[in-house]
Amino acid sequence: MKTNILGLPVKETEEIANDLNVLLSSFQVYYQNLRGIHWNIRGKRFFDLHVKFEELYNDSQLKIDLIAERVLTIGGRPLHTFEDYIKNNKLKVGKNISVDEEAVHLIVTSLSDLLKIEREILVKAGDINDEGTNSMMSDFITEQEKTIWMMKAWLEEKI
């Protein structure tokens, strides 16, 4: 089996880089969704949600950078055009959402869809002992599961 400089199998690592690019694309759409609901939110909960949505989009921006850098670290090339993001995105695009519950539901759905992608990457990275990718996915999953729990509590819904 041919390995790269990191000691990871080349073919499988290329596949993980491609999967990370799907995650990157989906995170870019998630980020834009968050910006949109941050700008457009209306109603009596505006002040609380406006701040929360900003916190979430700032966090997603950091994660976008981490994903792109991981793609580079394992020998891939991160996608960086809107055309590629739309083509590879796995999330619903939220448009003109200004109602609080609709905005929070979009976040929950988006995070759930991101978790599916991350869990697939986690399994593949675990299969080849790619601890760097595995660790990043584990961290993302832990944070996003907690955010889903909090958003569901805000919605007064069970997990």
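Here Arg119 passes the criteria (1) in contact with a Ser or Thr (Cβ under 8 Å, 6 or more places away or on another chain); (2) within 30 Å of Leu6 (Cα to Cα) except the one numbered (1).
Quick one: how many residues across the range 11-51 are touching a residue at least 24 places away in the same chain (Cβ under 8 Å) and either within 18 Å of Ile121 (Cβ to Cβ) or of a type in the set (A, V, I, L, M) (or both)? Of the residues in that region, 23 qualify. When Arg70, Arg45, Arg35 are checked against the criterion of being modelled with pLDDT under 95 and touching a helix residue (DSSP H, G or I) at 6+ places or on another chain (Cβ under 7 Å), a single residue qualifies: Arg45. Within the range 1-47, the set of residues being in a loop (DSSP other than H, G, I, E, B) and crowded, with 19+ Cβ neighbours inside 10 Å comprises Leu8, Ile41.
The values are calculated or read from the model by the stated rules, or taken from the named source; none is laboratory data. Small disclaimer: the values here were computed from a predicted structure and weren't measured. Every residue, glycine as well, gets a Cβ built from its backbone with ideal geometry; the counts of neighbours run over all protein chains shown.
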